[in-house]
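Below is one structure, written out as structure tokens; comments come after it.
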Amino acid sequence: MAERICLTEAVLLAGDHLDLLRDAALTIEGERILSLDGHIPAGAEAQPLPGRLICPMFVDAHCHLGDTGAKDMGIGLPLEQVVNPPHGLKHRFLSQVSPEQHILQMRHGLLEMLSNGVIACADFREQGLRGVNMLRQAARELPIRVRILGRMGEGQPDQDAEAEAHELLHVADGLGVRDIECYDPQALVRLRRAYPHKLFALHAAENRQAEQASWQATGMGQARRALAWDPDFIVHLVHTAPAELAELARRHVIGVACSRSNAVLGDGQPDLPAWKQAGLSFALGSDNVMFCAPDMLREMDFASRLLRGRSENAAALPPVELLTAATIHGARALKLEDDLGSLAPGKEASFVVFNFQTPNLRFSHDLLNSLVHRATPEDIESIYIRGQRYERAHFLSQARRLAEDCLQAARTDPATPGHRPAGKTRPISVE
């Protein structure tokens, strides 16, 4: 029988609704949760954790790890100048970085996630099959679930894009479409039918101008048009009309909000109370690492404060809604809910232990609000992944070593973006 460990005297966020259990007892057997009913099973080693809160690990339902090496490049520029291929700033960066450097940078991004309590993510991976394989290599032997959604090259004949999609879908976890205008919609319908168990997702209604153009050309918003090929989740939905939000809810599509990214790019904000009113389940994503740290605590805090302020309603969105968006709804979007996203018997023993005795969290009168609005990664005492306990410093030290490797390569390789001969930089032109 696998070793049993029982964590006692902590506060526990239990089940899909994140119910607060005080003086709980969470028993781990091997890699799984055996029980959390408050009893210490026979043969279990009790480990008291007073003043601690145990939370499911977070799920980042939308990210771009490929631009980890381009942090804060292009802030102040509009969306199309930064991320649109082939001449957007991001894609010029990707074209210049070496594969070896790129893999190290993406691995660094994954270690950042782990140190912030993120156990799974969905990456919209650029660069076709090569990009998918590089991210797989970056994630090798790390204890994080990476759903890699590949992307076909844009601007090629429709039949070539569809053929490339078949190649991608044999190795990737699904497709991550940048924009509904990029590919033949009938090809996406055929691909969805051919790969029913893969993840299909897209960006939609992120930009007001693009959404208006969709209505003018088709009489529909981008999100509704995408329903023809039955996506699992849709990212952004900043400018989606309430009627289309309700239609997404009826079709059981999950929305993914990326509030910090939308804000820094000046594209507006997803109206999460409207999403809730429409019945749309939603998850959270950090989007591009070049703009936002892969930190779901910051994502929750930012979204909550901004929505309350903009709506002039202090009760616009309860904290538990944001916590479920960062945990179980993210797991559902990625089809990982059988293992991750909440704490229940039989699920993976993957959770974060927050120390509520730190100066930041001490004297909290509302644990959920403190977790959403006040907690930082520095308040994480330990991280359990499939039953194994890690110190946060374990992941941070690996990230530091990778950063040193990248810096050393940048100093010696003139072709590497960021190469610094004689203390000078070689920035990518934004003109």
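Coordinate-derived values only; no laboratory data. All of these numbers come straight from a predicted model, not from anything done at the bench. Neighbour counts run over all protein chains shown; Cβ positions are idealised from the backbone, glycine included.
Over the chain, what is the percentage of antiparallel beta bridges among all DSSP beta bridges, to the nearest 5?
Within the chain, antiparallel bridges account for around 45 percent of the total.
Between Q156 and L227, what's the calculated FRET efficiency when r is the beta-carbon distance and R0 is 25 Å? Round to 0.05.
0.50
Amide H to amide H under 5 Å from V177: which residues, 5+ apart in sequence or cross-chain, H placed 1.01 Å off N in plane?
Amide H neighbours of V177: A201, L202, H203.
Round to the nearest 0.05 the FRET efficiency obtained for E312 and S364 when R0 = 30 Å and r is the Cβ-Cβ distance.
0.70
So for the pair R193, Q81, with labels modelled 7 Å out along Cα→Cβ, what separation do we get in nm?
4.4 nm
Tell me the net charge near I33. Cut-off is 13 Å between Cβ atoms, I33 excluded, with +1 for each Lys or Arg and -1 for each Asp or Glu.
After counting each charged neighbour, the total is -2.
Using alpha-carbon pairs under 8 Å, 6+ residues apart, how would you state the relative contact order of the chain in percent?
With pairs under 8 Å counted, the relative contact order is 20 percent.
Where does helix 296-311 land angle-wise versus the long Cα axis of the chain, in degrees 0 to 90, nearest 10?
Approximately 80 degrees, to the nearest 10.
At a Cα cut-off below 21 Å, give the lysines reachable from K347, other chains included and same-chain residues fewer than 8 away excluded.
K335
Can you give the charge dipole size of region 58-333 about its Cα centre, rounded to the nearest 20 debye, using +1 on the beta carbon of Lys and Arg and -1 on the beta carbon of Asp and Glu?
I would put it at about 480 debye.
What does the charge count near A139 come to, summing +1 for each Lys or Arg and -1 for each Asp or Glu among other residues with Cβ under 10 Å from its Cβ?
+2
Want the number for H39 to H170: 0.36 nm per residue separation, take away the alpha-carbon distance, what's left?
Separation in residues times 0.36 nm, less the Cα-Cα distance, equals 42.6 nm.
Which angle between 0 and 90 degrees, to the nearest 10, do you get for helix 208-218 versus the longest principal axis of the chain when only C-alpha atoms count?
Rounded to the nearest ten degrees, it is 60.
Please state, as a whole number in µm²/s, the translational diffusion coefficient that the Stokes-Einstein equation yields for the chain at 37 °C and 0.692 mPa s, with Rh defined as the Kirkwood radius across alpha carbon pairs.
The Stokes-Einstein estimate is 147 µm²/s.
Which of A217, P85, G346 sits farthest toward the positive end of the charge dipole of the chain, with +1 on the Cβ of Lys and Arg and -1 on the Cβ of Asp and Glu?
Projecting each Cα onto the dipole axis, the largest value belongs to P85.
Along the Cα→Cβ direction, 7 angstrom out, place labels at R130 and A217. What is the inter-label distance in nm?
My value for the distance between the label points is 2.8 nm.
Run the quick spin-label model on Q357 and Y390: label points 7 Å from Cα toward the beta carbon, then report their separation in nm to one decimal.
2.5 nm
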